[in-house]
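*Asks:* Below are the structure tokens for one structure; questions will follow.
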Amino acid sequence: MAAGGGDTIAAQALRHVSDTTWNALVERHRGTGCEALATLARALLDGKKSLHGMLGNAVGRLLAALGRPRIEQVFARELAARIPLPFGQEVAVAARGLQAAGIFVCFTGGAVMQDCACLRDLLEHEGRAQFENLLQGALHDWSELPTRMHDGVVLPGHQRP
């Protein structure tokens, strides 16, 4: 990652956290990798998916208890599972920001990239195209990372991809 790219990512991070917090994070993880950041990011992303699934299942069970036809139950379950949650944007920004920060720390800390937990997790769970989306998004507005990453959230004024 070019120095300019690293500076840009740091500037984006500083839009969401204080200088003190960012500098402490970078110093704490420089040379040690980003395992904890990767674990937390994946937990946030998986938890968001689980909440969607739980909401969908609850709606489906409610309609079943009300004696509604099976097709209505299935439709409502799928709809409820896919509707953006009110806090989904924030969870996705936090998770994607953790991934971007972890990759930044690995790149700037001289870590062997195969040892970068955030990069490994992203490639394993989502593939190279999503890594490129994260990297490009990390250089721009982090609040748009969930949309770039197709995390199931839509920003006001944007259309679902």
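*Asks:* Would you check which residues across the range 98-115 are at negative phi and open to solvent by 10 Å² or more (accessible area, probe 1.4 Å) and list them?
*Replies:* Listed by number, the residues that qualify are Leu98, Phe104, Phe107, Thr108, Gly109, Ala111, Val112, Met113, Gln114, Asp115.
*Asks:* Out of the residues in the range 28-49 that are modelled with pLDDT under 85 and in a helix (DSSP H, G or I), which is surrounded by the fewest Cβ atoms within 10 Å (Cβ to Cβ)?
*Replies:* Step by step, filter the range 28-49, then rank; the result is Arg28.
*Asks:* While we're here: Quickly run through the range 99-153 and pick out the residues that are charged (D, E, K, R) and more than 12 Å from the chain's Cα centre (by Cα).
*Replies:* Asp115, Arg120, Glu124, Arg128, Glu132, Asp141
*Asks:* Does the range 49-67 contain at least one residue that is without any contact (Cβ under 8 Å) to a residue 24 or more places away in the chain and either closer than 28 Å to Leu139 by Cα or of a type in the set (Phe, Trp, Tyr) (or both)?
*Replies:* For the range 49-67, residues without any contact (Cβ under 8 Å) to a residue 24 or more places away in the chain and either closer than 28 Å to Leu139 by Cα or of a type in the set (Phe, Trp, Tyr) (or both): present.
*Asks:* Please work out if Gly109 is of a type outside the set (A, V, I, L, M, F, W, C) and at pLDDT below 85.
*Replies:* Against the criterion (of a type outside the set (A, V, I, L, M, F, W, C) and at pLDDT below 85), Gly109 qualifies.
*Asks:* Which condition does Pro86 not pass, out of (1) touching a Lys or Arg at 6+ places or on another chain (Cβ under 7 Å); (2) free of Cβ contacts under 8 Å to residues at least 12 places away in the same chain, if it passes all the others?
*Replies:* In the conditions (1) touching a Lys or Arg at 6+ places or on another chain (Cβ under 7 Å); (2) free of Cβ contacts under 8 Å to residues at least 12 places away in the same chain, Pro86 misses (1) alone.
*Asks:* Still on this structure: For the range 121-134, how many residues meet the condition of being touching a residue at least 40 places away in the same chain (Cβ under 8 Å) and surrounded by fewer than 19 Cβ atoms within 10 Å (Cβ to Cβ)?
*Replies:* Here the count works out to 1.
*Asks:* Tell me whether the range 57-66 contains one or more residues that are among the charged types (D, E, K, R) and more than 30 Å from Cys116 (Cβ to Cβ).
*Replies:* Yes: one or more hits.
Let's see how each residue does on (1) surrounded by fewer than 18 Cβ atoms within 10 Å (Cβ to Cβ); (2) among the charged types (D, E, K, R):
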{"site": "Ala58", "(1), (2)": "yes, no"}
{"site": "Arg68", "(1), (2)": "yes, yes"}
{"site": "Val74", "(1), (2)": "yes, no"}
{"site": "Cys118", "(1), (2)": "no, no"}
{"site": "Thr147", "(1), (2)": "no, no"}
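The values are calculated or read from the model by the stated rules, or taken from the named source; none is laboratory data. Keep in mind it's a predicted model, so treat the numbers as computed, not measured. In this analysis, Cβ positions are derived from the backbone assuming ideal geometry, glycine residues included, and neighbour counts consider all displayed protein chains. Note: areas computed on protein heavy atoms with side chains; ligands, DNA, RNA excluded. Shrake-Rupley method; radii C 1.70, N 1.55, O 1.52, S 1.80 Å.
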